[in-house]
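Just so it is clear, none of the values below were taken in a lab; they were calculated from the coordinates. Owing to the predicted nature of the structure, the values given are computational and were not obtained by experimental measurement. Here Cβ is always computed from backbone atoms with ideal geometry, including for glycine, and neighbour counts include all displayed protein chains.
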Amino acid sequence: MAEITDKAIAWLVSNNTSVSSKTLCALLYRVPISGKSGTHPRDCSDFGRCMRFLAILPKEAKEHVLHLAKSVSPEWKALAGKWDYLESLYGSSDMYGQMKKIISEAAEGG
């Protein structure tokens, strides 16, 4: 199990978390979370909270947790598989539409 870092603790107690970002944290540190565990990011703000959590991690840990996220749900699998693409769109007017398309296709089994 990965040991939680001071940066991760500071992030956890901040107001910059969400269920989806806490899901990533729980996957990485192998701990249960309260609430609706497994919920994927549903909008750009939520994606941003996940992105900021991943930014405090070493590259290998980021890649590992995104790999683990693929097993959570079809939506997580689709989003994690396109994470770099979505990060490149972050802040653009195209991001929300692309996220919704990826999530919708995953939910439909496509």
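Placing +1 on each Lys and Arg Cβ and -1 on each Asp and Glu Cβ, with no other charges, gives region 6-107 a dipole about its Cα centre of roughly 220 debye.
Legend: residue pairs K7/K101; K59/K100; K59/K101; K59/K82; K22/K77, Cα-Cα distance threshold 22 Å; pairs beyond threshold, K7/K101; K59/K100; K59/K101.
Exposure proxy ranking for T39, T23, T17, based on other Cβ atoms within 10 angstrom of each Cβ and starting from the fewest, stands as T17, T39, T23. Cβ-to-Cβ counts within 10 Å put C44, C25, C50 in ascending order as C44, C25, C50, the fewest first.
For the chain, find the longest principal axis of its Cα atoms and tell me its angle to the long axis of helix 44-55, 0 to 90°, nearest 10. Between the helix axis and the principal axis of the chain, the angle is about 40 degrees. Build a GNM of the chain with springs between Cα atoms under 10 Å apart, and of V19, V65, V31 the one that fluctuates most is V31. For W11, W83, W76, the sequence from fewest to most other C-beta atoms within 10 Å is W83, W11, W76. Projecting the Cα atoms of S93, F53, A10 onto the charge dipole of the chain, computed from C-beta unit charges around the Cα centre, puts A10 farthest toward the positive end.
The tail of the calculated P(r) for the chain, taken as Cα-Cα distances beyond 22 Å, holds 26 percent of the pairs. Label-to-label distance, S73 versus K101, with points set 7 angstrom from Cα along the beta-carbon direction: 2.2 nm.
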